[in-house]
């Protein structure tokens, strides 16, 4: 749908304020939108139905994040739901459970062993970029919910953990050798 209202480079926040499309808040919302889309692509490529369900749940949680990001601090009291300590605890519990099921890799992980794994790593990178923009908002006191920052911080690690079992075989990159040989080789 297009209304033409944004043709001059402005848009409206969920809370009703008109802002420039290149403001930091809109940039953060754009990265969040990209993250939701990247998770959708990862979900479409993921094989285990449990991973698909988990990614859909994360996409839905990101709508809560998005509503909060697209609302100024003064308008947040009107939101039906905000990122809270309960959401952070749930994601942290999931992070701990995933980490306990998977031993840490012996070296660097080179994304791309499978399409689903690569998409999950791409989504993880987008999550980090989004988190950086939200940190910038917080430093300007334009985003005051510490739970939102904590939740985004845990999200990228959960995505990294979810990518690991999708790999058909775990072939982490070895650390660079002291002799200056190849950057890494596949461990067998």
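Counting just the residues of segment 66-77 that are under 22 Å from residue 127 (Cβ atoms) and not in a helix (DSSP H, G or I), which one comes out farthest from the chain's Cα centre (by Cα)? Looking at residues that are under 22 Å from residue 127 (Cβ atoms) and not in a helix (DSSP H, G or I), I get 71. Of all residues being modelled with pLDDT of 85 or more and part of a loop (DSSP other than H, G, I, E, B) in segment 101-112, which is farthest from residue 158 (Cα to Cα)? Just the residue, please. Here the residue is 112.
Here residue 80 passes the criteria (1) modelled with pLDDT under 95; (2) part of a helix (DSSP H, G or I) except the one numbered (2).
When you scan segment 100-112, do you find a residue that is on the phi > 0 side of the Ramachandran plot, touching a helix residue (DSSP H, G or I) at 6+ places or on another chain (Cβ under 6 Å) and either touching a residue at least 60 places away in the same chain (Cβ under 8 Å) or surrounded by fewer than 19 Cβ atoms within 10 Å (Cβ to Cβ) (or both), even just one?
yes
Residues that are surrounded by 15 or more Cβ atoms within 10 Å (Cβ to Cβ) and under 19 Å from residue 123 (Cβ atoms): does segment 4-27 have at least one? Yes, some residue in segment 4-27 is surrounded by 15 or more Cβ atoms within 10 Å (Cβ to Cβ) and under 19 Å from residue 123 (Cβ atoms).
Quick one: residue 120 ticks every box in (1) under 15 Å from residue 156 (Cβ atoms); (2) in contact with a strand residue (DSSP E or B) (Cβ under 7 Å, 6 or more places away or on another chain) bar one, so which box is it? Tallying (1) under 15 Å from residue 156 (Cβ atoms); (2) in contact with a strand residue (DSSP E or B) (Cβ under 7 Å, 6 or more places away or on another chain), residue 120 fails exactly one: (2). The set of residues from segment 6-35 being in a loop (DSSP other than H, G, I, E, B) and touching a residue at least 40 places away in the same chain (Cβ under 8 Å) comprises 13, 14, 15, 16, 17. Screening residue 55 on (1) in contact with a helix residue (DSSP H, G or I) (Cβ under 7 Å, 6 or more places away or on another chain); (2) more than 13 Å from residue 163 (Cα to Cα); (3) surrounded by 13 or more Cβ atoms within 10 Å (Cβ to Cβ) shows it passes everything except condition (2). Residues that are surrounded by fewer than 16 Cβ atoms within 10 Å (Cβ to Cβ), in contact (Cβ under 8 Å) with a residue 12 or more places away in the chain and part of a helix (DSSP H, G or I) within segment 36-52 comprise just one, 40. Is one or more of the residues making up segment 141-156 out of contact with any strand residue (DSSP E or B) (no Cβ under 7 Å at 6 or more places or on another chain), touching a residue at least 24 places away in the same chain (Cβ under 8 Å) and closer than 14 Å to residue 27 by Cα? Yes, segment 141-156 has at least one match.
The values are calculated or read from the model by the stated rules, or taken from the named source; none is laboratory data. Computed from a predicted structure; not experimentally measured. With ideal geometry, Cβ positions are generated from the backbone for all residues, glycine too; neighbour counts draw on all protein chains shown.
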